[in-house]
1. Counting other Cβ atoms within 10 Å of each Cβ, which trypsin sites (Lys or Arg not before Pro) in the range 116-177 have at most 11 and sit in a DSSP loop?
2. So what's the back-of-envelope 222 nm ellipticity for the chain, counting only DSSP H runs of four-plus at -39500 (n - 2.57) apiece and dividing by all residues, rounded to 500?
3. Enumerate the amide H contacts of K160 below 5 Å, restricted to partners 5 or more residues apart or on another chain; note that Pro and chain-start residues carry no placed amide H.
4. Which lysines have a Cα lying under 24 Å from the Cα of K133, excluding residues fewer than 8 positions away in the same chain?
5. Within the range 135-215, list the GluC sites (Glu not before Pro) lying in a DSSP loop whose Cβ has at most 15 other Cβ atoms in a 10 Å radius.
6. Using a basic spin-label model with each label point 7 Å from the Cα along Cα→Cβ, how many nm lie between I179 and S87?
7. Using +1 on the beta carbon of Lys and Arg, -1 on that of Asp and Glu, and nothing else charged, what's the dipole of the range 3-214 about the Cα centre, debye to 20?
8. If every alpha-carbon in the range 3-214 counts as one equal scatterer, what log10 I(q)/I(0) does Debye give at q = 0.09, 0.17 1/Å?
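Quick note: the coordinates plus some simple rules give every number you see, no bench work behind them. Just so it is clear, the model here is predicted, and its values are computed rather than measured. FYI the Cβ positions are ideal-geometry reconstructions off the backbone, even for glycines, and counts take in every protein chain you see.
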Amino acid sequence: MNILLSFIFTFCFAHQFDQYEWKVFKEKDNITVYKANSRHQSGLIPIRAKSVINHPLAKVISAMSDSDRKHEWIPRLVKNEIVEQTSPFSRVEYSLYTAPWPLMDRSFLIEIVGNYIKEKKMLVITIKSVERKDYPEEKNYIRGITHLGRIELIKLGPNKTSFETWLITDFKGGIPNWIINIIQSKWPFRMLDRLNKQLNKPDIVVLDKYKPLLD
């Protein structure tokens, strides 16, 4: 995907969340989670979360992009595979998640498109499910759908990064929307807590391709 198409894709999909009004759901451990005042067409309630991470932007991006170690900080993730890398910030990923008994495990196939805005020192990432013939749905897993996701990372200082995310994900498989809404409202607290712990590990370093973001 070329730079122009990446920018158009990111701009168009990122602003889909602007149609919602937000109310605070819960604040805990420097994390604020919001719920939208209206539902997505799927019947799900969009979730938004904000926090500040006490690590450099380049290190946060390095940890988040490390496919081999995503299972260390993303709740219930057991496998993550890069299907196609289209740019330093964009890729297609295949992921497997465990589900509590008696539910079947879930798989996701998502396209991640990132656009780095240098003058704002901000990375905007959009996420949505895609379909590919080489990654069909499996009989042993239920294919979930990320209707839309967005992450904004902004450099606030040498060791401080603003983290904000929006998400609408359907686990499918007959799980009622009200249960999915409860799970999604709790997920940002678990994810950000684990991401902070991941960033505190001594072997998490800034990848060479992201070192220019340290300036």
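1. K133, K139
2. So the helix-based figure for the chain works out to -6500 deg cm²/dmol.
3. Close amide H contacts, sequence-distant or interchain: H55, L57.
4. Qualifying lysines at Cα under 24 Å: K79, K172.
5. E137, E138
6. Between I179 and S87, the simple spin-label model gives 3.9 nm.
7. Result for the range 3-214 is approximately 500 debye, rounded to the nearest 20.
8. -0.34, -1.37
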